[in-house]
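The values are calculated or read from the model by the stated rules, or taken from the named source; none is laboratory data. Keep in mind that this is a model prediction, so the values were computed, not measured. In this analysis, Cβ positions are derived from the backbone assuming ideal geometry, glycine residues included, and neighbour counts consider all displayed protein chains.
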Amino acid sequence: MATTADRYGGAVQALGLTLLTYSLTGSTTLAGTLGTIKMVIAYGFALFGGLITDRADRRTLMVLRAVLNGTVWAAFAVLVAIDRMTFPLLVVFTVVGTTLGALIGGAGEAALRSLVTVQQYPRASAVNQARDASADVLGGPLSGALFAAGHALPWVVGSFGYLVLGLAAWRLPPLKPAAPPEDGVGAHGGSERPQVSGIRWRGLRVLPVLRDATEGFRWVLDRPRMTALVVISLINNVGTFLVFTTFELGLLAEGASSAQVGLLSTAEAIGILIGSPVAGRLTDRVATGRLVVLSQAWIVASYSVALVNQSFAVVLAACFLETLILPTNGAATSGFIFAMVPPDLQGRVDSAQVLLVGVPVAFTSVAAGALVAGPGIAVGIAVGVGLCALSLAVALFSRTVRRIPVPAQWTSLVEDRVEHHE
């Protein structure tokens, strides 16, 4: 309930910010710039957010997020309601709210990992993906309706979501992550880590904070199987986002309405909703490595139908088909990484993945725009499908990925569980 309220509140506020920015300024450029500011902040603070998640009680962080973000956006709603909101003030509130989310917003997902077993996590992850998809389907229309009824209403609803988050999180048991080892030996057995002196404040080394923050990168890159999974995810995400953005921009360039373009996201969300119920059963019964390969192949096949025909119906069908497999792929890979990551590194490994995969994806919109404006939509789709085919090739030729077993046997892969610190 806690993370669901958070997710729905965020979905309602996201479109509301765009609508309010345009209402205040009349500029689509400024509305788009606000989205860029949010993305830069989210990536900029991701490493430190992961470190905080790994050092503090996750229940406390969830309650703190509810109080702080709830206060910020409740004050925002009041200013909008009394017609005192200006664009500079909107930017300030957005920066503050996004920064808080980047620093302590990851506690909810980490809390889930603390509450379920390794074998249960794939199913729990599939449920979360279905929830996120439903928020994407309902959040936009609900935000638009609320904004039309009263400009402050999206943030009133969002603040209520933070209230539910705080109350639900308060009922959870303490969720303190495992303390990092102090004797130079990894929690799962491993090589010694050099002792780094520094001022301590409530368990957080102040001086060597950057080293601690980047430890998630070192953990991933020290393990060939994890590195391969991140590379597959990186290439696949760049390819799929490039195809989807090419779909959007190509349709707009051909005169499609904004409502038609919006249906692409709806088709994707519906695909995730339909695919989520079977994801848990598939991850339990089919070897994870095989699911990774099959998922990449499914994505290539789904998008390939648009290589020869870019009509709206075909593009819509491609978006729907591609996302049917996403819950299964996400549950299998996320669940496997969860099983392998030591508890005291979960937040930082998550942050490392966000940065390694998310930063390149951030540039796909620019690439898609250039391809649509230049060679055309068909070329943009071909480039994206080619990247998805490359991720499939990496999965096929990576023996360490193909050999990942079913969840019940994940703990046998001790080479990935051993904690290593240089």
Completion exercise
Filtering helices (runs of 4 or more DSSP H) wholly in segment 323-422 for at least 3 residues that are touching a Ser or Thr at 6+ places or on another chain (Cβ under 8 Å) and either aliphatic (A, V, I, L, M) or modelled with pLDDT under 80 (or both) gives 326-340, 346-362, 364-373, 377-397
Practice task
Kindly indicate the residue of segment 59-107 that is over 27 Å from residue 22 (Cα atoms) and charged (D, E, K, R) and also surrounded by the most Cβ atoms within 10 Å (Cβ to Cβ) among those meeting that condition.
Solution key: 65
Handout entry: Candidate set: segment 326-362, residues that are buried (at least 23 other Cβ atoms within 10 Å of the Cβ) and among the charged types (D, E, K, R); chosen: the one farthest from residue 404 (Cα to Cα)
Key = 348
Exercise for the section: Being closer than 16 Å to residue 293 by Cα, of a type in the set (Gly, Ala, Ser) and touching a residue at least 60 places away in the same chain (Cβ under 8 Å) narrows it down to one of 351, 304, 365, 398, so name that one. Expected result: 398
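Every residue, every condition in (1) among the hydroxyl-bearing types (Ser, Thr, Tyr); (2) closer than 20 Å to residue 338 by Cα; (3) at pLDDT below 90; (4) not in a helix (DSSP H, G or I), yes or no:
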position: 88; (1), (2), (3), (4): no, no, no, no
position: 131; (1), (2), (3), (4): no, yes, yes, no
position: 145; (1), (2), (3), (4): no, no, yes, no
position: 169; (1), (2), (3), (4): no, no, yes, no
position: 175; (1), (2), (3), (4): no, yes, yes, yes
Fill in the blank from the handout: residue 56 fails exactly one of (1) buried (at least 22 other Cβ atoms within 10 Å of the Cβ); (2) modelled with pLDDT under 90, namely (1)
Completion exercise
Residue count, segment 273-292, condition hydrophobic (A, V, I, L, M, F, W, C) and surrounded by fewer than 19 Cβ atoms within 10 Å (Cβ to Cβ), comes to 4
Completion exercise
Scanning segment 363-396 for residues that are among the small types (Gly, Ala, Ser) and either over 17 Å from residue 303 (Cα atoms) or in the same structural domain as residue 35 (by the TED database) (or both), the one surrounded by the fewest Cβ atoms within 10 Å (Cβ to Cβ) turns out to be 374
Completion exercise
Of 314, 292, the only residue that is free of Cβ contacts under 8 Å to residues at least 12 places away in the same chain, outside the structural domain of residue 54 (by the TED database) and either closer than 21 Å to residue 410 by Cα or among the β-branched types (Val, Ile, Thr) (or both) is 314
Handout entry: Of all residues in segment 305-325 being closer than 19 Å to residue 276 by Cα and touching an Asp or Glu at 6+ places or on another chain (Cβ under 9 Å), the one that is surrounded by the fewest Cβ atoms within 10 Å (Cβ to Cβ)
Key = 320
Handout entry: Yes/no for residue 42 being assigned by the TED database to the domain that holds residue 168, surrounded by 15 or more Cβ atoms within 10 Å (Cβ to Cβ) and of a type in the set (A, V, I, L, M)
Key = yes
